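Report on one structure; see the data block that follows.
We did not get these values from a lab; they are worked out from the coordinates using the rules stated. Everything quoted here is computed from the prediction, not taken from an experiment. FYI the Cβ positions are ideal-geometry reconstructions off the backbone, even for glycines, and counts take in every protein chain you see.
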Amino acid sequence: MWKGSSGSPSGMVGHFNAAECPSGWALADGTGDTPDLRGVFVRGYGSQSVNHGIYGGTVHASGNLGEIQGDAIRNIQGEINAVWENNIARVATGPFSTTRLSGGVNEAQGSGSTGELRWHFNASRVVPVDAENRPVNVAMLACIKS
């Protein structure tokens with residue numbers, strides 16, 4: 001069982017629930033020879049692609065040790081169907097919606113033989129959204145053993 005940082009090898013990275021790094025550790029902030037681990041998620045290094053069925057497919061090789069990998073999200077899909085039946089419009093699914101600009105057609109369905117619709121795409125209709133892409137996370141102080 002590991003007990004404390006006194007026997008930790010140089011270069012070991014640890015995450016601490018503290019405002020400062022413990023004695024003998026340096027902040028992993030990109031200064032000096034430290035990696036910059038602020039605001040990024042650490043991923044396991046590997047030189048080959050691996051098929052992890054539990055994660056929904058292939059996890060690709062990590063590239064070079066210490067390399068930053070850009071963000072990405074999974075594809076979001078929906079459909080726009082403008083079907084007129086007895087002057088009723090049945091229109092959008094998934095992240096798509098409509099609003100009436102003029103005439104007798106409203107957001108989901110309405111009557112009227114003419115009208116103008118505005119089509120909208122809003123990912124928040126199908127997934128949680130924010131100003132950034134991220135998994136569920138917790139903030140910890142990343143330090144590297146001197």
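Put a dot 7 Å past the Cα of residue 73, heading toward its Cβ, do the same for residue 19, and the two dots end up 3.6 nm apart.
Computed from the C-beta positions of residue 146 and residue 40, the FRET efficiency with R₀ = 25 Å rounds to 0.75. Peptides 64-70, 25-31 ranked from most to least packed, by the mean per-residue count of other Cβ atoms within 10 Å: 25-31, 64-70.
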